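Down below is the structure, laid out as structure tokens.
The values are calculated or read from the model by the stated rules, or taken from the named source; none is laboratory data. Please read these numbers as outputs of a predicted model, since none were measured by experiment. With ideal geometry, Cβ positions are generated from the backbone for all residues, glycine too; neighbour counts draw on all protein chains shown. Please note that ligands, DNA and RNA were not included when accessible areas were found on the heavy atoms of the full protein model with its side chains. Shrake-Rupley method; radii C 1.70, N 1.55, O 1.52, S 1.80 Å.
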Amino acid sequence: MNYEIKDIDKIVEYKTWTNKKKVDTLLEIDANMYCELGLGTPLSEKRNVKRNSRKIYYAIKKVDSELGSKLIQSMD
């Protein structure tokens with residue numbers, strides 16, 4: 001199943017998924033967003049992807065605080 005940015009909260013709240021599966025799915029969403037960017041992508045869309053990436057990293061921090069903190073720190 002393909003998940004999107006709107007599914008972040010739902011993924012974090014899944015009770016039957018392991019934390020690893022949650023993190024993997026969130027990182028897959030993040031990777032897919034960046035893969036869709038190209039040379040002709042407007043700056044506003046690039047900023048939007050980065051903003052969404054930050055949301056994903058904060059969601060990861062809820063699941064795995066150490067990894068989430070490192071990802072957020074690497075953005076700055």
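Only residues that are loosely packed, with under 14 Cβ neighbours inside 10 Å and of a type in the set (S, T, N, Q) were counted in segment 49-68, giving 1.
Hey, among the residues in segment 1-21 that are touching a residue at least 40 places away in the same chain (Cβ under 8 Å) and touching a Lys or Arg at 6+ places or on another chain (Cβ under 9 Å), which one's farthest from Gln73 (Cα to Cα)? If you could, list the steps in order and put the result at the bottom.
Looking only at segment 1-21, we keep the residues that are touching a residue at least 40 places away in the same chain (Cβ under 8 Å), and these are 5, 8-9, 11-12, 19.
Restricting the remaining residues to those that are touching a Lys or Arg at 6+ places or on another chain (Cβ under 9 Å) gives 5, 8, 11-12.
On the way: Ile5: 21, Ile8: 20, Ile11: 22, Val12: 20 Å.
Among them, the one singled out is Ile11.
Identify, by number, the condition in (1) within 24 Å of Met1 (Cβ to Cβ); (2) free of Cβ contacts under 8 Å to residues at least 12 places away in the same chain that Lys46 doesn't meet. Unmet condition: (1). Within segment 29-44, does at least one residue satisfy the condition of being open to solvent by 60 Å² or more (accessible area, probe 1.4 Å), of a type in the set (D, E, K, R), modelled with pLDDT of 95 or more and out of contact with any Phe, Trp or Tyr (no Cβ under 7 Å at 6 or more places or on another chain)? No, the conditions are met nowhere in segment 29-44.
Restricting to segment 16-49, count the residues that are under 22 Å from Glu66 (Cβ atoms) and of a type in the set (Lys, Arg). So that I can check it myself, show each step before the final result.
Kept after step one, since they are under 22 Å from Glu66 (Cβ atoms), are these residues of segment 16-49: 17-31.
Remaining after also requiring of a type in the set (Lys, Arg): 20-22.
The number of residues fulfilling the criteria is 3.
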